[in-house]
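The values are calculated or read from the model by the stated rules, or taken from the named source; none is laboratory data. This is a predicted model, so every value here is computed, not measured. Cβ placement follows ideal geometry from the backbone for every residue including glycine, while neighbour counts extend to all protein chains displayed.
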Amino acid sequence: MQRSPSSVRLPRRRAPRRAFLLLLLASSAAPAAAQDVDEAWVRSHYDKREARVPMRDGVRLFTAIYTPRDAQGPFPILLFRTPYGVGPYGEDAYRSPLGPNPAFTRDGYIFVYQDVR
């Protein structure tokens, strides 16, 4: 009995090997991209603002807002809420990198870091 091409399966040992190779290729490009977004780059391309945002119960949460400088909106926003502090504190102190991946910084996302109660 002859099988159709869609019913032919690869041996299962090849699938993990292929997945590993794909991850290896994808991760090799990430360090090169991460190197061009340092604190100096963030300072020159982003403005930082700090605020205390009031909640319904009257508690005011410290919030650091990074917005792209000299760019046209609308912008996507990434909000990070953490119990561990959103430092560095002070409008002249910038985080680097912003966000979970430097690509978000280069793409002009707004980043909002907020303390939780």
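Does SER44 satisfy the criteria of being farther than 30 Å from VAL116 by Cβ and at pLDDT 90 or above?
yes
Return the residues of segment 43-74 that are on the phi < 0 side of the Ramachandran plot and either free of Cβ contacts under 8 Å to residues at least 12 places away in the same chain or outside the structural domain of GLY108 (by TED's automatic domain parsing) (or both); say none if nothing qualifies.
Matches in segment 43-74: ARG52, PRO54, MET55, ARG56, ASP57, ARG60, GLN72, GLY73, PRO74.
Enumerate the pairs (first residue in segment 99-117 and in contact (Cβ under 8 Å) with a residue 24 or more places away in the chain and within 17 Å of GLU39 (Cα to Cα); second residue anywhere and among the acidic types (Asp, Glu) and surrounded by fewer than 16 Cβ atoms within 10 Å (Cβ to Cβ)) with beta-carbon separation below 8 Å, excluding pairs fewer than 6 apart on the same chain, so at least 6 apart or on different chains.
Sorted first by the residue in segment 99-117, then by its partner, the pairs are PRO102/ASP36; ARG106/ASP36.
Taking only segment 77-95 into account, find how many residues are surrounded by fewer than 12 Cβ atoms within 10 Å (Cβ to Cβ) and modelled with pLDDT of 95 or more.
Matching residues across segment 77-95 total 2.
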